[in-house]
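Report on one structure; see the data block that follows.
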Amino acid sequence: MSEKLYTGGCHCGAVKFEVMVEDVEKLIQCNCSMCRKTGYLHLFVSRDEFRLLKGEEALENYQFNTKTASHFFCKACGIKSFYIPRSHPDGYSIHAGCLEDFDLDSVQIEPFDGGNWEDNVDSIR
């Protein structure tokens with residue numbers, strides 16, 4: 001396995017981050033109300049693999065339902081490039097579509113029934 005460093009961020013460039021990952025083979029496509037409406041493709045990483053480079057002040061935190069997950073959006077362009085998910089509270093979910101030089105066609109997209117989250121969450125932990 002090999003590690004690769006990716007950079008990513010929001011559309012306007014106010015938020016930038018980097019993430020170190022090993023051989024990404026699949027992304028999770030969830031059908032919950034939030035992910036379905038945004039087209040979010042999940043790449044789960046640990047806190048140690050993520051580093052915010054700039055834009056902490058540009059982020060707005062949106063929470064709903066159990067108010068456990070922290071959905072961070074850029075205040076300027078509205079893009080959610082990463083967040084702290086309820087399923088992985090000690091890490092981050094990165095929106096793979098916000099990574100620079102990441103080939104989405106090279107990975108498997110695995111559906112996840114987040115519409116029935118409580119019944120299925122163990123399959124992604």
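Data for the structure
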{"item": "Residue check for Ala58: more than 18 Å from Pro89 (Cα to Cα), touching a Gly at 6+ places or on another chain (Cβ under 6 Å) and of a type outside the set (D, E, K, R)", "result": "no"}
{"item": "Verdict on Ala14 being surrounded by 19 or more Cβ atoms within 10 Å (Cβ to Cβ) and not β-branched (Val, Ile, Thr)", "result": "no"}
{"item": "Cross-chain or 6+ apart pairs with Cβ under 7 Å, segment 99-116 first and over 21 Å from Asn31 (Cα atoms) and modelled with pLDDT of 95 or more, then part of a strand (DSSP E or B) and among the polar types (S, T, N, Q)", "result": "Glu100/Thr7"}
{"item": "Tally of residues being surrounded by 19 or more Cβ atoms within 10 Å (Cβ to Cβ) and touching an Asp or Glu at 6+ places or on another chain (Cβ under 6 Å) across segment 45-93", "result": "1"}
{"item": "Some residue of segment 29-41 being in contact (Cβ under 8 Å) with a residue 24 or more places away in the chain, in contact with a Pro (Cβ under 6 Å, 6 or more places away or on another chain) and under 30 Å from Asn116 (Cβ atoms)", "result": "yes"}
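The values are calculated or read from the model by the stated rules, or taken from the named source; none is laboratory data. Since the model is a prediction, treat every value here as computed from it, not as a measurement. With ideal geometry, Cβ positions are generated from the backbone for all residues, glycine too; neighbour counts draw on all protein chains shown.
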